Amino acid sequence: EAKEKGRNGFRFYRQEMQVQVAERAALEKALHSAVRNDEFYLVYQPQVNKNGRLIGFEVLLRWFSEELGLVPPSRFIPIAEEMGIIDEVGYWVLDNACQQLKTWQDLGLPASFEGIAINISPYQFAKDSFVGTVKEVIENTQIEPRLLDLEITEGMLVENIASVAEKMWHLKEHQVRFSIDDFGTGYSSLRYLQHFPINQLKIDQSFVRDLSNDPNSHVIINTIVSMADHMNLSVLAEGVENPIEKNILEKIGCARYQGYYFSKPVTGDIATQYLCGSVSFPLERQGI
Ligand code: C2E
Ligand code: MG
Ligand code: MG
Ligand code: MG
């Protein structure tokens, strides 16, 4: 009996595995042709200061596959990285985001607006061609490079320190800015930070989420903010979902925010309205 059960269990497990392998294969196949089939698009999430003024947009990639529907980036970015096509995908993001930025630049930007933030995969950054590619896109699209904020992760700063720093300094000379994404979740050694031209730390949303009930998160954010002050870095909190979180963050001294409380990521058209409408966030405050 037990043996029988075990065998069935194994058969079930094998079927599960086969489904997973088939799903993965379908995903890879669809991902291969996603750029060519024009299945990617970009959304833009507002970043705001403590007065609710727009200071930037984070550019977020979306994939609507003909066969698979909407696939979240947390699912397809790691696969694109493993497949070795994140470069191509990353180039598409950079080029299209900079084209959008150029349109906004030509419309005239509000005084509070500092630019757009683009997520850079470690694999993309590691390519020898990365610096040249960024410079080329800046030249082709005619954007002001100081409006470009590249989001990298902590993990990238602990390996190949010399070559990573060299690339960052090179781009920094061209006015490009850098933020550390999901700060506090990786291998945080506070000492390495000073080797790199970093402008901003983005506090990971897991700390913000725990803020109201976990005293540790309070302490961690406090520490990040005072460290950033000493190092002359900006701090932006990610994933702010309600006014309670915003108020605690403001009291701690974090004055830059991003999250559903202010706005979900929006299409380019709505982002244009935000930019041109001199609105403040959250929008409900003014009855929009
Ligand atoms: P991330 O860079 O940390 O981006 C923030 C994520 O948090 C986004 O998820 C955003 O929609 C979500 N978010 C924003 N506000 C809130 C909030 O108040 N509550 C909650 N629960 N979530 C919030 P998304 O768009 O699904 O992206 C997930 C991750 O995928 C990103 O995390 C980033 O690591 C990666 N990603 C997205 N676009 C790109 C891209 O163009 N290139 C690369 N390499 N990675 C990307
Ligand atoms: Mg990011
Ligand atoms: Mg993040
Ligand atoms: Mg993340």
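Taking Cα atoms only, the orientation of helix 73-83 departs from the longest principal axis of the chain by about 70 degrees. Computed from Cα atoms, the angle from the helix 86-107 axis to the main principal axis of the chain rounds to 30 degrees. Each Cα pair of the range 1-113 feeds into the Kirkwood radius, which the Stokes-Einstein equation turns, at 25 °C and 0.890 mPa s, into a diffusion coefficient of 142 µm²/s.
Put a dot 7 Å past the Cα of ASN199, heading toward its Cβ, do the same for ASP128, and the two dots end up 2.9 nm apart. Per-residue ellipticity at 222 nm, computed for the chain from helices alone with -39500 (n - 2.57) per DSSP H run of at least four residues, works out to -15000 deg cm²/dmol. A simple spin-label model places pseudo-atoms 7 Å from Cα toward Cβ; at ALA26 and LEU190 they are separated by 5.0 nm. Let a ≥ b ≥ c be the square roots of the eigenvalues of the Cα gyration tensor of the range 91-220; is it rounded (a/c under 1.5), or, if not, prolate (a/b larger than b/c) or oblate? Oblate, since a/c reaches 1.5 and b/c is not below a/b.
Distance between the pseudo-spin-label points of THR272 and GLU67 (7 Å out from Cα toward the beta carbon): 3.4 nm.
Each Lys or Arg adds one and each Asp or Glu takes one away; over the other residues whose Cβ falls under 14 Å from the Cβ of LEU190, this sums to -1. Which of rounded, prolate or oblate describes the range 96-159 when judged by the alpha-carbon gyration tensor and an a/c cut-off of 1.5? The shape class here is oblate.
For the range 167-268, the gyration tensor built on C-alpha atoms gives an oblate shape. Its axis ratio a/c (a ≥ b ≥ c) is at least 1.5, and a/b is not larger than b/c. Taking each residue as 0.36 nm, the span from GLU16 to THR103 lengthens on full extension beyond its C-alpha to C-alpha distance by 26.5 nm. Per residue, the solvent-accessible area of the chain (1.4 Å probe, heavy atoms of protein chains only, all protein chains present) comes to 52 Å².
The lysines within cross-link reach of LYS167, meaning a Cα-to-Cα straight distance under 18 Å and a gap of 8 or more places when in the same chain, are LYS127, LYS135.
Computed over the Cα atoms of the chain, what is the ratio Rg over Rh, Rh following Kirkwood?
Rounded to two decimals, Rg/Rh equals 1.02.
The values are calculated or read from the model by the stated rules, or taken from the named source; none is laboratory data. Keep in mind it's a predicted model, so treat the numbers as computed, not measured. Note that we place each Cβ from the backbone using ideal geometry, even for glycine, and neighbour counts take in every protein chain shown. Calculation scope for accessible area: heavy atoms of the full protein, side chains included, ligands and nucleic acids excluded. Shrake-Rupley method; radii C 1.70, N 1.55, O 1.52, S 1.80 Å.
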